[in-house]
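The values are calculated or read from the model by the stated rules, or taken from the named source; none is laboratory data. If you're wondering where the values come from, they're calculated on a predicted model, not measured in any experiment. When we count neighbours, we look across all protein chains shown, and the Cβ atoms used for this are built from the backbone with ideal geometry, even at glycine.
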């Protein structure tokens, strides 16, 4: 008569070791999963911040182009920065903006900062539609209308390279170069995404 094969029981010490090993593996896998999720979340935030910063820079660049276009079409007369803007445009007769104050939110209309009665001027509605603005944020809107400060820097000397063009001007007129310092501010979809650009614009015309 053959004996029935029996099951060999695992020693108690081995069963405890397997349990501990399983728990350790579970902990490691959990930590890896949490780390992976944290990395994905961080990447998403970084990507979002980069996108909004690019949108803010684009808005500031748009304002820069709009102001330069306005200066080209009809050079504005410098006036006191406290004066009302002419048709939504203003050129300051004095340099009131420093490099340090240009990058401060309090200089602009952000967070209750500057208003239209200061050197800061907002792009008029015909240049930047109000339908693009929303303080609640979003990927297709901007938190604040792009703003700018134009400071007249005086006249410059016409470069010698323009001698041929100068001879073509009518008698009694002479070409002059007006210099403008343009500083613009744009935002993305939230108040934390802000970009400030600055450019020296020269415009040659007849005096």
(request) Taking only the stretch 1-44 into account, find how many residues are closer than 30 Å to residue 139 by Cβ and either touching a helix residue (DSSP H, G or I) at 6+ places or on another chain (Cβ under 7 Å) or modelled with pLDDT under 70 (or both). (result) 3
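Condition check ((1) loosely packed, with under 11 Cβ neighbours inside 10 Å; (2) assigned to a loop (DSSP other than H, G, I, E, B); (3) at pLDDT below 85) across all residues:
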position	(1), (2), (3)
148	no, no, no
161	yes, no, yes
182	no, no, no
189	no, yes, no
201	no, no, no
(message) Conditions first: (1) over 17 Å from residue 60 (Cβ atoms); (2) at pLDDT 85 or above; (3) more than 16 Å from the chain's Cα centre (by Cα). Residue 124 passes all but one, so which condition is the exception?
(response) (1)
(request) Give just the number: which of (1) within 22 Å of the chain's Cα centre (by Cα); (2) part of a helix (DSSP H, G or I); (3) modelled with pLDDT under 85; (4) within 22 Å of residue 190 (Cα to Cα) does residue 131 not satisfy? (result) (3)
